[in-house]
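The values are calculated or read from the model by the stated rules, or taken from the named source; none is laboratory data. Predicted model only: the values in this text are computed from it and were never measured. Ideal geometry is used to build each Cβ from the backbone, glycine not excepted, and the neighbour counts take in all protein chains shown. All accessible areas refer to the heavy atoms of the entire protein, side chains included, with ligands and DNA or RNA removed. Shrake-Rupley method; radii C 1.70, N 1.55, O 1.52, S 1.80 Å.
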Amino acid sequence: MSEVKISAEPRTEFGKGGARRTRRAGKVPAVLYGHGEKPKHIALPAREFAAAIRKGGANQLFAIEVSDGTQVLALPKAIQRDPIKDTFEHVDLLLVRRGEKVTVEVPVQLTGEAAKDTLIVHDHDTLSVTADATKVPDHLEASIEGAEVGTQITAADVELPAGVELATDAETQVASVTAAPTAEQLEATLPEVEEATEEAEAEVGEETAEGAEGAPAAEGEEAPAEAKTEA
């Protein structure tokens, strides 16, 4: 994976308020740490960072140039996203050096077509591997071509690029092949699903009603007589 050059600015405001102002300015709050150095708080351009992650994945290598003259290589260690806006809230970046070995989680993609009338259960969609910090693969592949019912794909079956070593237990189950449910089986479970849905909706309705009864009076309205107290 090739590195992506990205600019950054030192960050002097901290806490929730500072982070909100950073995001409003079109930047992502981030922190650089590792190699025994003091953590460095920076702000990354949100649009450029998002584009790099979309293209290279969560293990994209960044060559970061901070406006104070600092130049470093770093890998995302933890990325916090807003689940509704799908924006980046904060990023932890791990300092790395060329030739240094790092252990990271890499996505696993299943390739090929399993046998007819089968269902694929993906038990683990990432595996932990050790690789050169500048050569971390964006994904790994495991073939399920022609796999019959009962087939189990383990970490040992995953194809590893040159220089990449498996850090996860080789017997870790990545995927399994089961028989696809028949139309009759699906129809048999439908009433149970509908009943569970109705029960869940009923519970939500009861909670909403209870919340409304105990809710405070709106501005300009009087509280119920029993709720009034002398000043």
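Numbers for the structure displayed
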item: Residues of the stretch 28-161: accessible area per residue with a 1.4 Å probe, Å²; result: 54 Å²
item: Accessible-area value, residue 97, 1.4 Å probe, nucleic acids and ligands omitted, Å²; result: 140 Å²
item: Amide hydrogen neighbours beyond the local backbone of residue 180, cut-off 5 Å, H modeled; result: 118, 119
item: Label point distance in nm, residue 79-residue 14, each placed 7 Å from Cα along Cα→Cβ; result: 2.6 nm
item: Note, ³J(HN,Hα) from phi for the stretch 146-163, Karplus 6.51, -1.76, 1.60, rounded to Hz, x at Gly and Pro; result: x, 4, 8, 4, x, 5, 10, 9, 9, 4, 5, 8, 7, 6, 10, x, 4, x
item: Gyration tensor (alpha-carbon) shape descriptor, the stretch 43-138, a/c threshold 1.5; result: oblate
item: Simple label model, 7 Å out from Cα along Cβ direction - residue 86 to residue 71, nm; result: 3.6 nm
item: Note, ³J(HN,Hα) from phi for the stretch 42-48, Karplus 6.51, -1.76, 1.60, rounded to Hz, x at Gly and Pro; result: 9, 10, 9, x, 4, 5, 5
item: Residue 5/residue 123 FRET efficiency (R0 35 Å; Cβ-Cβ; nearest 0.05); result: 0.40
item: Residues with amide H under 5 Å from that of residue 151, placed H, sequence gap 5 or more; result: 177
item: Accessible surface of the stretch 63-195 [probe 1.4 Å, protein heavy atoms]: carbon and sulfur percent; result: 49 percent
item: Computed E for residue 141/residue 98 - FRET, C-beta separation, R0 30 angstrom, nearest 0.05; result: 0.70
item: Vicinal HN-Hα couplings computed from phi for the stretch 172-178 (Karplus, 6.51 cos²θ - 1.76 cosθ + 1.60; Hz; Gly/Pro x); result: 4, 7, 8, 7, 9, 10, 10
item: Distance between the stretch 71-89 and the stretch 119-157 - C-alpha centres, whole angstrom; result: 24 Å
item: Where 67, 128, 7 fall by accessible area, highest first, once all protein chains stay in place (1.4 Å); result: 67, 7, 128
